[in-house]
Amino acid sequence: TPVALGDAVSISGLTVSYGTTTALRDAHLHIPAGTTTALVGESGSGKSTLALAASRLLPPDASITAGSVRVGETDLAALTGRPLREARGSVAAYLAQDASVALNPVLRVGGQIAEVHRVRHGAGRREAAALAEQNLADVGIPDPARVARRYPHELSGGMRQRAVIAIALAFRPRLLIADEPTTALDTTVQADILALVGRLQRQCGLTVLWITHDMSVVAEIADRVAVMYGGRIVEQADVLTLFESPAHPYTRALLRCFQEGRTARPKQILAAINGSPPVGGVPDGCPFHPRCPKADDSRCRTLLPEPRPIARDRQAACHHLEFTS
Ligand code: SF4
Ligand code: MG
């Protein structure tokens, strides 16, 4: 059963501030309809901020100060009030790392999904319950009728994350944004969830933005990749190009860690790349210059490199790009 159909997504000039701190600066990202883009980077790179801004779920102390998030004809960044409430979930659905935040602990799982069908799609009580069971079946939950009657705490972590995906699908979203939804799960469950989202994505033509720090996840699910550092997207390309000829020194460092088998945890990325990512504001010039082996005094420490096209559908922001096209 097709449960959703994706739209092309165009993020343009997106900028987010927490008070006087800019957490995301001038992000441009295009995701073709029905494809998956992985957003990678260390913690603090701005990837969760981009995910929350695009889902319109930023905390109250953060605000979008510039830019647009177009999903088909809708500019999510421009919505307020009721149109914004209606867009949450149905234009862009968000999967958090912690599945329990998306579930109401005192309501049965099936009832929570059925409510989406009643409130958002005007389904009757019986029809909504049947659709909820169908959603649970679609996410590979065996015996959905039984699981529908369970409370969230009665499910395993993997089953809870499947239930959250079932809720997301009930909204029939045009964009699915996933912020490391498998990080808290053990490896085999993680692989099952990745396979599930891959299958749903192909079946439903969902458009997916998948946030991760794990390059093996990128290799598994992504059509395209955007790499973030210091609140900016520093490189984007299709997944094969990025793995075979990374252009930005930071992307090369990330891939080196991955090839050396050291990317399992963000802390290990930190250890493998000299120094640490910027905390509380980025330095002048290129944000990566304190850690970059190629940094020079003439430009890198003073002049911010702007993202520029380096090939078809391929961009990077660096004064000393090295790549083959
Ligand atoms: Fe390194 Fe300079 Fe490129 Fe920044 S602009 S990544 S410091 S070479
Ligand atoms: Mg994060």
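Rounded if a/c is under 1.5, else prolate if a/b beats b/c, else oblate: with a ≥ b ≥ c from the C-alpha gyration tensor eigenvalues square-rooted, which is segment 176-231? Mind showing how you got there, number by number?
On the way: a/c = 1.89, a/b = 1.16, b/c = 1.63.
Note, shape of segment 176-231 comes out oblate.
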Assuming R0 = 22 Å, what is the FRET efficiency of A191 and H28, from their Cβ-Cβ distance, to the nearest 0.05?
0.10
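Can you classify segment 120-188 as rounded, prolate or oblate using the Cα gyration tensor, where a ≥ b ≥ c are the square roots of its eigenvalues, rounded means a/c under 1.5, and otherwise it's prolate if a/b beats b/c and oblate if not?
Values: a/c = 2.45, a/b = 1.32, b/c = 1.85.
Since a/c reaches 1.5 but b/c is at least a/b, the shape of segment 120-188 is classed as oblate.
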At 7 Å along the Cα-to-beta-carbon direction for both D98 and V119, put a label point, then send me their distance in nm to one decimal.
2.1 nm
Which value, in debye to the nearest 20, gives the size of the charge dipole of the chain about its Cα centre, when Lys and Arg are +1 and Asp and Glu are -1 at the Cβ?
580 debye
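Tell me, what is a quarter of the convex hull surface for the C-alpha atoms of the chain, in nm² with one decimal?
On the way: hull surface 65.4 nm².
Its Cα hull, projected and averaged over all orientations, spans 16.3 nm².
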Return the single residue from S55, S298, S68 with maximal mean-square fluctuation; model: Gaussian network over the chain, springs between Cα atoms under 10 Å.
S298
For S43 paired with T20, estimate the spin-label separation in nm (one decimal), with each label point 7 Å from Cα along the Cα-to-Cβ line.
2.7 nm
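Rounded if a/c is under 1.5, else prolate if a/b is larger than b/c, else oblate: which is segment 71-229, with a ≥ b ≥ c the root eigenvalues of its Cα gyration tensor? Walk me through the numbers on the way to the answer.
Details: a/c = 1.78, a/b = 1.14, b/c = 1.56.
Oblate.
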Listed with the fewest Cβ neighbours within 10 Å leading, M215, M228 appear as M215, M228
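Would you please give the FRET efficiency between A130 and S63, computed as 1/(1 + (r/R0)^6) with r the Cβ-Cβ distance and R0 = 51 Å, to the nearest 0.05?
On the way: r = 41 Å, r/R0 = 0.80.
It comes to 0.80.
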With θ set to phi - 60° and the Karplus curve 6.51 cos²θ - 1.76 cosθ + 1.60, what are the ³J(HN,Hα) couplings of segment 290-296 in order, to the nearest whole Hz, using x for Gly and Pro?
x, 10, 8, x, 9, 4, 10
Pick out, from H213, V40, N104, the residue whose Cα sits farthest towards the positive end of the charge dipole of the chain, with +1 on the Cβ of Lys and Arg and -1 on the Cβ of Asp and Glu.
N104
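If each DSSP helix of 4+ residues adds -39,500 (n - 2.57) and the sum is divided by the residues in the chain, what number results at 222 nm, nearest 500 deg cm²/dmol? Each step should come with its number before you reach the end.
Numbers: 11 runs with 110 residues, N = 325.
Calculated mean residue ellipticity at 222 nm is -10000 deg cm²/dmol.
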I need the P(r) histogram for segment 154-203: all alpha carbon pairs, bin width 5 Å from 0 out to the longest distance, whole percents.
5, 19, 33, 27, 12, 4, 0
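Which helices pass in the chain if a helix is a full DSSP H run, must span at least 24 angstrom along its long axis by Cα, and must have mean Kyte-Doolittle hydropathy not below -0.5? Mind dumping the intermediate values first?
Numbers: long enough: 187-204 (25 Å, 0.31).
The qualifying helices are 187-204.
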Just to be sure I understand: with springs between alpha-carbon atoms less than 10 Å apart, which residue in L206, L29, L57 has the highest mean-square fluctuation in the Gaussian network model of the chain?
L57
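Relative contact order for the chain: what is it in percent, counting Cα pairs under 8 Å that are at least 6 residues apart?
Values: 643 pairs, mean separation 71.6, N = 325.
Averaging sequence separation for qualifying contacts and normalising by length gives 22 percent for the chain.
Based on the mean of other beta carbon atoms within 10 Å per residue, what is the order of 192-202, 285-295, 71-81, most packed first?
So the peptides 192-202, 285-295, 71-81, ranked by packing, come out 285-295, 192-202, 71-81.
Only the coordinates and a few stated rules stand behind these numbers; no lab work does. Quantities reported herein were computed from a predicted structural model and do not represent experimental measurements. Heads up, the Cβs are rebuilt from the backbone with ideal geometry, glycines too, and the neighbour counts pull from every protein chain shown.
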